[in-house]
């Protein structure tokens, strides 16, 4: 039986404040109590068989939640094997992530089904990191907006294909470019399945986004990356110039988005702008990380190991062939948290919220994780003062 654990003496990060010299009690994988250290009876805890983790000088935060992640440590979820899923999940656990949504790329229906089956197998096995579901991200991208994904695997949504992806509750986040023929049917199916509906890799206009919004779309993927702009819409429609995805998100309070804060995708000024305009309740941190996480610089495939597109890692970020555009990030959520804290005016509780409670709320799992509160899962990351990961616990088990 799992021993009760108390994380004692650290700075506990709550959604709206820091609790100095505090403790977090856990038992049977759940958080039981959070409070100031003077209320914690260490001798009584030890006498009852509890374990104490000394967190003096450390920061105790909820485990990170990643809505958008493709792989790590040489593996991509689209490899479609249980081993690849295990490897990628283990890699992100080392960077403080306790819950993630395995994210698909463009690819054949058979490759996507293999990814889904491998994720189902992982969920049924005795695992420690919480794979909360799949983010069906590819293949329904707009032509010319595929980014580093394989263009051969891009297509328009077809009910004969996507309805099978929603046959159970594995797919929890669903992306489709709003302007594609068949997007409305896709959004209706995703809404019926209870997914967080997102728009990404899209050159959509405001009217197309409004139609998507009316059908349940409430989030757009990686702000400013592979999305429409006023300039791109002028190329598509001519004049008068039209509002794009950025303006739609900023104007609609029900909309949320995400940023890749790796220091390469977006400048410090854009990260500050996103934080100030959207706030920590509408902005999520994601990694959008590929298989090059924790791997040496070199050439890799994005997506399926056999058919995915090639990209190059320079040890800092991924690059498409010719280094003309970026190919997702190669760092974990701990890096995103450090960068967001170091280059913006966001407070530590706000930065941590963007990597925990806000994505949990958007994905519909905030009743069980995302903050250090009684009855929630004991998903905890212990950080040093520089926000480097010292230890990660998922459901009270150290990873």
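The values are calculated or read from the model by the stated rules, or taken from the named source; none is laboratory data. Note that this is a predicted model, so its numbers are computed, not measured. For neighbour counting, all protein chains shown are included, and Cβ atoms are generated from backbone atoms with ideal geometry for every residue, glycine included.
Can you name every residue in segment 322-344 that is farther than 25 Å from residue 104 by Cβ and outside any helix (DSSP H, G or I)?
Selection gives 344 alone.
Being farther than 25 Å from residue 146 by Cβ and free of Cβ contacts under 8 Å to residues at least 24 places away in the same chain is true for just one of 313, 371, 347. Which residue is that?
Working: 313 fails: farther than 25 Å from residue 146 by Cβ; 371 fails: free of Cβ contacts under 8 Å to residues at least 24 places away in the same chain.
From the options 313, 371, 347, the qualifying one is 347.
Find the residue count for segment 356-381, including only residues that are surrounded by fewer than 21 Cβ atoms within 10 Å (Cβ to Cβ) and more than 29 Å from residue 220 (Cβ to Cβ).
Summing the residues that are surrounded by fewer than 21 Cβ atoms within 10 Å (Cβ to Cβ) and more than 29 Å from residue 220 (Cβ to Cβ) in segment 356-381 gives 2.
Hey, can you tell me all the residues within segment 192-210 that are under 21 Å from residue 163 (Cα atoms) and either at pLDDT below 95 or surrounded by fewer than 17 Cβ atoms within 10 Å (Cβ to Cβ) (or both)?
Answer for segment 192-210, where residues must be under 21 Å from residue 163 (Cα atoms) and either at pLDDT below 95 or surrounded by fewer than 17 Cβ atoms within 10 Å (Cβ to Cβ) (or both): 192, 194.
Give segment 313-334 a look and list any residue that's modelled with pLDDT of 95 or more and out of contact with any strand residue (DSSP E or B) (no Cβ under 8 Å at 6 or more places or on another chain), or say none.
314, 315, 316 - these are the residues of segment 313-334 that are modelled with pLDDT of 95 or more and out of contact with any strand residue (DSSP E or B) (no Cβ under 8 Å at 6 or more places or on another chain).
Yes or no: segment 264-286 includes at least one residue that is under 18 Å from residue 88 (Cα atoms), part of a loop (DSSP other than H, G, I, E, B) and in contact with a strand residue (DSSP E or B) (Cβ under 9 Å, 6 or more places away or on another chain).
Yes, there is a match, as at least one residue in segment 264-286 is under 18 Å from residue 88 (Cα atoms), part of a loop (DSSP other than H, G, I, E, B) and in contact with a strand residue (DSSP E or B) (Cβ under 9 Å, 6 or more places away or on another chain).
Take segment 234-263 and flag every residue that is surrounded by 14 or more Cβ atoms within 10 Å (Cβ to Cβ), on the phi < 0 side of the Ramachandran plot and part of a loop (DSSP other than H, G, I, E, B).
Within segment 234-263, 242, 243, 244, 252, 255, 260, 261, 262 qualify.
For segment 1-26, what are the residues that are more than 22 Å from residue 386 (Cβ to Cβ) and crowded, with 20+ Cβ neighbours inside 10 Å?
Residues satisfying the conditions are 5, 6, 23, 25, 26.
Counting only residues that are more than 21 Å from the chain's Cα centre (by Cα) and not in a loop (DSSP other than H, G, I, E, B), which one in segment 287-308 is farthest from residue 137 (Cα to Cα)?
298
Six or more apart or on different chains, Cβ atoms under 6 Å: show the pairs whose first residue is in segment 378-391 and outside the structural domain of residue 357 (by TED's automatic domain parsing) and on the phi > 0 side of the Ramachandran plot and whose second is surrounded by fewer than 21 Cβ atoms within 10 Å (Cβ to Cβ) and at pLDDT 95 or above.
That search, which allows pairs on different chains as well, returns 387/338.
Within the bounds of segment 353-361, is there any residue that is touching a strand residue (DSSP E or B) at 6+ places or on another chain (Cβ under 9 Å), in a loop (DSSP other than H, G, I, E, B), assigned by TED's automatic domain parsing to the domain that holds residue 277 and within 17 Å of residue 225 (Cα to Cα)?
no
Tell me, please, whether a residue that is under 13 Å from the mean Cα position of the chain (by Cα) and under 25 Å from residue 70 (Cβ atoms) can be found in segment 370-385.
Yes; the residues of segment 370-385 include at least one that is under 13 Å from the mean Cα position of the chain (by Cα) and under 25 Å from residue 70 (Cβ atoms).
Being closer than 24 Å to residue 318 by Cβ, within 15 Å of the chain's Cα centre (by Cα) and in contact (Cβ under 8 Å) with a residue 40 or more places away in the chain is the requirement here; does residue 129 meet it?
yes
Please give the number of the condition residue 112 fails out of (1) over 26 Å from residue 393 (Cα atoms); (2) crowded, with 19+ Cβ neighbours inside 10 Å; (3) touching a residue at least 60 places away in the same chain (Cβ under 8 Å).
Condition (3) is where residue 112 drops out.
Run residue 35 past the list (1) within 30 Å of residue 259 (Cβ to Cβ); (2) surrounded by fewer than 16 Cβ atoms within 10 Å (Cβ to Cβ) and report the number of the one that doesn't hold.
Only one criterion in (1) within 30 Å of residue 259 (Cβ to Cβ); (2) surrounded by fewer than 16 Cβ atoms within 10 Å (Cβ to Cβ) is unmet by residue 35, namely (1).
Restricting attention to segment 79-92, which residues are surrounded by fewer than 24 Cβ atoms within 10 Å (Cβ to Cβ) and in contact with a strand residue (DSSP E or B) (Cβ under 7 Å, 6 or more places away or on another chain)?
87, 91 - these are the residues of segment 79-92 that are surrounded by fewer than 24 Cβ atoms within 10 Å (Cβ to Cβ) and in contact with a strand residue (DSSP E or B) (Cβ under 7 Å, 6 or more places away or on another chain).
Just checking, does segment 266-284 include any residue being buried (at least 24 other Cβ atoms within 10 Å of the Cβ), under 19 Å from the mean Cα position of the chain (by Cα) and at positive phi?
Among the residues of segment 266-284, not one is buried (at least 24 other Cβ atoms within 10 Å of the Cβ), under 19 Å from the mean Cα position of the chain (by Cα) and at positive phi, which makes the answer no.
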